[in-house]
Amino acid sequence: MFLKLRPKSVLRTSLFLLFAAAFNITSIMAQGETCKPFAFNLVPSFQAGKNTFSYTSNDFNGDNLPDVAVVNAEIRTVSVLYGDGAGGFSAPHPFATELNPSRITSGDLNSDGKHDLIVGSFYENKLAILLNNGTGGFGAPNIFVPPSQFPNQGEFMDLKTADFNGDGKLDLVAAQYAQNKQLKFFLGNGQGALTLATSLTLTGDDATVAVGNLNGDNLPDIAVAGGSSFTARYVSFVYGRQDAQFALTFGFNLTDRAVGIKIADLDNDSDNDLAVAFEDVTTPTTHSLQAWLNNGGSFSGASRLDVLYFLPPSDVTTGDFNNDGKQDLAAPVSSPYFSGVMMLVTFGNGNGTYQEPRYYAMPA
């Protein structure tokens, strides 16, 4: 049988690199043989490291090919796997973080045109900044200890980079703490350093963050899907501002628990919309994906796409996987308690609705 119980430590070694490969090397999906539900195709898997449950993708070695970096939670390192342009990756190259990493993102923090790594810890209130040496390697980590009301807790749950105040220098947003959750904005100085600018309080235990322009002002905004199984679930927004006076704006309520959110133009009207992956925590269980369409600043939910299996999606991404000019959706369908993962791919109709999903099996 494809699904069977496994310890989490075994699963996390390679499962999420499969997630990274499928999400960032879109040719794997576009060129793969199509399949109907309940028929599966296998794709290659690549050894990443140990407990690799967070990843980022960028061109780290300057060859114009996407690479992948993952955290190794128990051995205080990150691993970088260099892409070969054909959907394959090199063996992992480890770099020390000097902290126990839980989340990772990337971007050019020191304005040299090369993508650096930013790593957050779960157990310590620390961020590690690893600057790119120009050939795909990374120097010793610069450890940043942000101001915090919980100095002995890290619990970085999500990290994203963008220039939120439009000054030409890359900034960082972090969702922090499992309880008393905060959305923290760190402004970059263009030389590899960060300064905490704003802390915003979120409701509930969950928060997943997406970055993109939602109001047409050419500054990146944030959509955060939050709440928990036991509190109200919602989507809120933080709009980019040149004065960096960031504030939460309530958007709309959700019925199910959001486990992933992305910003993209899903209905070809030049306004960015939201794609949301949901885990249904009720019984009977029906997990789903759904587009929320931007109507000049307000959002309306399009028809839901139900996941055919009892396993929930763990994230969602967008892209034109079949090159028809319409945004499609992909989502890993998995559980930390089982040894397999499937990739759901559904082609968009260009109006916020989607075709029958295809499922691709990816063994751990």
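The values are calculated or read from the model by the stated rules, or taken from the named source; none is laboratory data. All values reported here derive from a predicted model rather than from experimental measurement. For neighbour counting, all protein chains shown are included, and Cβ atoms are generated from backbone atoms with ideal geometry for every residue, glycine included. Just so you know, the surface numbers come from the protein's heavy atoms only, side chains and all, with ligands and any DNA or RNA stripped out. Shrake-Rupley method; radii C 1.70, N 1.55, O 1.52, S 1.80 Å.
Okay, here's what the table says:
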{"quantity": "Unmet requirement for Ala128, which otherwise passes all of (1) open to solvent by 20 Å² or more (accessible area, probe 1.4 Å); (2) aliphatic (A, V, I, L, M); (3) over 18 Å from the mean Cα position of the chain (by Cα)", "calculated": "(1)"}
{"quantity": "Output for the range 99-114, where each listed residue is surrounded by fewer than 21 Cβ atoms within 10 Å (Cβ to Cβ) and in a strand (DSSP E or B)", "calculated": "Gly107"}
{"quantity": "Selection within the range 176-189 - open to solvent by less than 40 Å² (accessible area, probe 1.4 Å), at pLDDT 95 or above and touching a Lys or Arg at 6+ places or on another chain (Cβ under 7 Å)", "calculated": "Gly188"}
{"quantity": "Residue identified as buried (at least 22 other Cβ atoms within 10 Å of the Cβ), within 23 Å of Thr317 (Cα to Cα) and among the hydroxyl-bearing types (Ser, Thr, Tyr) among Tyr55, Tyr82", "calculated": "Tyr55"}
{"quantity": "Residue in the range 67-78 that is at pLDDT 95 or above, open to solvent by less than 20 Å² (accessible area, probe 1.4 Å) and within 20 Å of Val345 (Cβ to Cβ) present", "calculated": "yes"}
{"quantity": "Options Thr135, Thr161: the member that is open to solvent by 20 Å² or more (accessible area, probe 1.4 Å) and touching a residue at least 60 places away in the same chain (Cβ under 8 Å)", "calculated": "Thr135"}
{"quantity": "Count of the range 216-233 residues which are more than 22 Å from Val333 (Cα to Cα) and within 22 Å of the chain's Cα centre (by Cα)", "calculated": "6"}
{"quantity": "Number of the exception - Cys35 against (1) hydrophobic (A, V, I, L, M, F, W, C); (2) in a loop (DSSP other than H, G, I, E, B); (3) open to solvent by less than 40 Å² (accessible area, probe 1.4 Å); (4) modelled with pLDDT of 80 or more", "calculated": "(4)"}
{"quantity": "Qualifying residue in the range 204-211 (condition: more than 23 Å from Gly260 (Cβ to Cβ) and modelled with pLDDT of 95 or more)", "calculated": "no"}
{"quantity": "Residue in the range 298-314 that is in a loop (DSSP other than H, G, I, E, B), under 22 Å from Gly251 (Cα atoms) and not hydroxyl-bearing (Ser, Thr, Tyr) present", "calculated": "no"}
{"quantity": "Looking only at the range 234-264, and only at residues there that are outside any strand (DSSP E or B) and of a type in the set (Ser, Thr, Tyr), the one that is farthest from the chain's Cα centre (by Cα)", "calculated": "Thr255"}
{"quantity": "Output for the range 63-98, where each listed residue is outside any strand (DSSP E or B) and touching a strand residue (DSSP E or B) at 6+ places or on another chain (Cβ under 7 Å)", "calculated": "Leu65, Pro66, Ala73, Arg76, Tyr82, Ser90, Pro92, Thr97, Glu98"}
{"quantity": "The range 190-203: number of residues that are assigned to a loop (DSSP other than H, G, I, E, B) and either open to solvent by less than 20 Å² (accessible area, probe 1.4 Å) or hydroxyl-bearing (Ser, Thr, Tyr) (or both)", "calculated": "4"}
{"quantity": "Single unsatisfied condition, Thr283 versus (1) free of Cβ contacts under 8 Å to residues at least 24 places away in the same chain; (2) of a type outside the set (Gly, Ala, Ser); (3) open to solvent by 30 Å² or more (accessible area, probe 1.4 Å); (4) outside any loop (DSSP other than H, G, I, E, B)", "calculated": "(4)"}
{"quantity": "Residue count, the range 147-157 (criterion: in contact with a strand residue (DSSP E or B) (Cβ under 9 Å, 6 or more places away or on another chain) and either open to solvent by 20 Å² or more (accessible area, probe 1.4 Å) or among the polar types (S, T, N, Q) (or both))", "calculated": "7"}
{"quantity": "Where Tyr360 falls short, out of the listed (1) more than 29 Å from Gly204 (Cα to Cα); (2) touching a Pro at 6+ places or on another chain (Cβ under 8 Å)", "calculated": "(2)"}
{"quantity": "Which listed residue is open to solvent by 10 Å² or more (accessible area, probe 1.4 Å), closer than 29 Å to Pro332 by Cα and touching a Phe, Trp or Tyr at 6+ places or on another chain (Cβ under 8 Å), from Asn253, Asn213, Asn268", "calculated": "Asn253"}
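Quick grid of which residues meet (1) of a type in the set (A, V, I, L, M); (2) open to solvent by less than 10 Å² (accessible area, probe 1.4 Å):
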residue: Asp116; (1), (2): no, yes
residue: Val145; (1), (2): yes, no
residue: Asp167; (1), (2): no, no
residue: Leu219; (1), (2): yes, no
residue: Ile222; (1), (2): yes, yes
